[in-house]
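Before any comments, here is the structure.
The values are calculated or read from the model by the stated rules, or taken from the named source; none is laboratory data. Treat the numbers as computed from the prediction; the structure is a model and nothing was measured. Counting neighbours? That spans all protein chains shown, and the Cβs are built from the backbone with ideal geometry, glycine included. Heads up: the accessible areas ignore ligands, DNA and RNA and are worked out on the full protein's heavy atoms, side chains in. Shrake-Rupley method; radii C 1.70, N 1.55, O 1.52, S 1.80 Å.
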Amino acid sequence: MDFASGVFLAALAAGAGPTIIHLLNRRRRRTVYWGPMELLREVARRSRRALQIRDVLLLVLRTIVVILFVLAMARPYWSSSPADNGEPTATHAVIVVDNSLSMGYKPLDKSLLDTAKARTAQFIRSLPEGSEVSIIPLCGYSRWHARDVYTIMKDAAEAVNQIELVDRSGSLREGLAQAVTARSASHLPTKRTVFVGDAQGRTRLLDGAEAYLEGVGDLQIVQVGPTERTNSWVADFRLVHGIADTDSPAVFRAVIRHEGKPRRNVQVTLTIDGVEAPDQERTVDLVSGHELWMDFTHHFRVPGTSAEPLFVPATLKLSTDHLDHLVEDDSRTLIVPVVARTPVVFVDQHGPNELPDQNMFGETARARRLLNSRAYAGPGRKALVRQVLRTIDRLTREDLKDARLVVIGGVTSPAPQAVTLLREYVEQGGNLFIGAGEGFDPVQWTEAAWKDGAGILPAPLKKDLLGQVPRPGQREVSSFGLDKQSIVGQALYLDTTPEEADKILARPKFFRAVVADVQAAREGIERLMAASSWPIVRPGKEKEIDVRKAIDTLSLEGDQLRVRVIKMDKGPEIGPRDIMQALDLKEDAIGAGRWVRDRVELTSEKP
């Protein structure tokens, strides 16, 4: 038999307590002879023996209760396979060492982690001969490399000394889960699991570890932390909007916590890229249990782009003194992405000449409000859209230079120079969204922006609009909505859940719609298919080849042009990029080049 807490065995001396109390309470009587009492002597003699038996039984029971309580506190156990010769049995010890940030606390000259290593090494040296050891740091890290089982105790002690402090909290549940796995690494039948740490709230058994207690068997918890500690730390440090830009100050929010003896005149400093932020140093007083919320601001001057942000480190640091025994948690650093706000150009009938006080807004006002709203940016995030308002006749090349999107609405007819600019903008990868809105004339738009496919419309428009605006007092109203299947894909990508996407697409309602003349666009494809000459392309920039020799068949199914390409055994191979170039004919031959490229489907087969 062995005891997990043998120190309690000294309390077995308390088992003599009931006997001593019994002896002290015994009365010393003086015999006085009195005639009338002689008659009662016989009765007292018969009952005295029963009382003596009762007193002895009570004394024995009280002594047994005390002894059993002491043995329970000492936690006796028997080895599952005791040695026949009575010598200590070789044991597989699984040791979990808490290396979370709290173990860096230094009551004197040594940290709690150093104390835990020393206690662990001492335990390893006390193991019986032939024992095996598994070492598990509570907080794993990339530089930790250890064997599953150590059979040489010196190697196990050296592995313990290599455990490093990790800047995060620990969970006993995770440690015990690893211990359950490690127990199977040794074939020794006797197992023992030891947890060495400061037993703070985050590493106690109250975090869901009960489910692993049965798997670890005998568990011993060795506490190395002080009963009272004084420490201040940065509990949280984050960028409020998640991203920073050069147009408005970035807001940093910090949470400072303290426990133990009060601290006075603690300096809290914000540094950006190693340089102290101007006018952002604060002096605070901290008391035990105090949680202090603080906001800091900084205006970044140099931006990155939305595609390649500029990443800048920001650090919040507390000053230290003799009362702070854990300096590792006195600062926190985060990486701040700094971008320039993305310009989006809105073109409508009023442009920058809106008159809100007179309720005169352009047709793009709702789209602008959506892009700039908190609902779009998300709670606690910053809208990174810089709105540029223009009328169609005031649109310039400089406006489109860095624009990621152009939204047009409420324009009666586009100016010719605007069509040319927008065509170049789209060909260079720009995104163009055209909405009709009030005053939209489909006839003028077709004449100015279709240009047989060389303009900015994907297809000519029919002159008659679909639907009608409700008359005043009309009760039965018919409206249109968005067909999800017709727009979701390359034309519209919503980075959200399908349910949320359905809600967004179901929200817009309108009464009149512009109709695209798809038949006219199909006629353009048919003229393309009937074209007698194909351009010469240079696959791989090595040899010229006639694309006609690489195309087997052309077919039109719905609005999809299907092209079957023949893979040739010799010569340069014709790829999809070459076919796209071939289909982009000159404007005087067919103007549906871009419309075709967006709707072509390529297949490849050998002849």
| task | Give region 187-221 a look and list any residue that's at pLDDT 85 or above and surrounded by 14 or more Cβ atoms within 10 Å (Cβ to Cβ), or say none. | result | Leu188, Thr190, Lys191, Arg192, Thr193, Val194, Phe195, Val196, Gly197
| request: Hey, can you tell me all the residues within region 229-239 that are closer than 23 Å to Val312 by Cβ and open to solvent by 30 Å² or more (accessible area, probe 1.4 Å)? | output: Asp236, Arg238
| said: Looking only at region 161-186, count every residue that is part of a loop (DSSP other than H, G, I, E, B) and in contact (Cβ under 8 Å) with a residue 40 or more places away in the chain and tell me the total. | reply: 9
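Restricting to region 102-116, name every residue that is open to solvent by less than 30 Å² (accessible area, probe 1.4 Å) and either outside any loop (DSSP other than H, G, I, E, B) or polar (S, T, N, Q) (or both). So that I can check it myself, show each step before the final result.
Going through region 102-116, the residues open to solvent by less than 30 Å² (accessible area, probe 1.4 Å) turn out to be 102-105, 111-113, 116.
Result: Ser102, Met103, Gly104, Ser111, Leu112, Leu113, Ala116.
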| said: Checking the conditions here, which among Glu164, Glu174, Glu158 is crowded, with 18+ Cβ neighbours inside 10 Å and either of a type in the set (D, E, K, R) or on the phi > 0 side of the Ramachandran plot (or both)? | reply: Glu174
| note | (1) open to solvent by less than 20 Å² (accessible area, probe 1.4 Å); (2) in contact with a strand residue (DSSP E or B) (Cβ under 6 Å, 6 or more places away or on another chain); (3) within 18 Å of Phe346 (Cβ to Cβ) all hold for Ala459 apart from (3)
| field | Out of Gly410, Gly430, sole residue that is in contact with an Asp or Glu (Cβ under 7 Å, 6 or more places away or on another chain), open to solvent by less than 30 Å² (accessible area, probe 1.4 Å) and outside any strand (DSSP E or B) | value | Gly410
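Working only within region 171-186, note down all residues that are among the charged types (D, E, K, R) and within 22 Å of Ile152 (Cβ to Cβ). It would help to see each step written out before you state the result.
So the first thing to find is which residues in region 171-186 are among the charged types (D, E, K, R), and the list is 173-174, 183.
Arg183, the sole residue that qualifies.
Please state which one of Ala93, Ala83 is closer than 30 Å to Ile124 by Cα, modelled with pLDDT of 80 or more, under 54 Å from the mean Cα position of the chain (by Cα) and open to solvent by less than 100 Å² (accessible area, probe 1.4 Å). Walk me through how you get there before you give the answer.
On the way: Ala83 fails: modelled with pLDDT of 80 or more.
So the residue among Ala93, Ala83 that is closer than 30 Å to Ile124 by Cα, modelled with pLDDT of 80 or more, under 54 Å from the mean Cα position of the chain (by Cα) and open to solvent by less than 100 Å² (accessible area, probe 1.4 Å) is Ala93.
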| said: Six or more apart or on different chains, Cβ atoms under 7 Å: show the pairs whose first residue is in region 418-431 and within 13 Å of Lys401 (Cβ to Cβ) and whose second is open to solvent by less than 50 Å² (accessible area, probe 1.4 Å) and in a helix (DSSP H, G or I). | reply: Leu421/Leu400; Tyr425/Leu400; Gly430/Leu400
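Mind listing whichever residues of region 460-487 are among the hydrophobic types (A, V, I, L, M, F, W, C) and either at pLDDT 85 or above or not in a loop (DSSP other than H, G, I, E, B) (or both)? Spell out the reasoning first.
Step one: of region 460-487, the residues among the hydrophobic types (A, V, I, L, M, F, W, C) are 461, 465-466, 469, 477, 480, 482, 487.
Leu461, Leu465, Leu466, Phe480, Ile487, listed by residue number.
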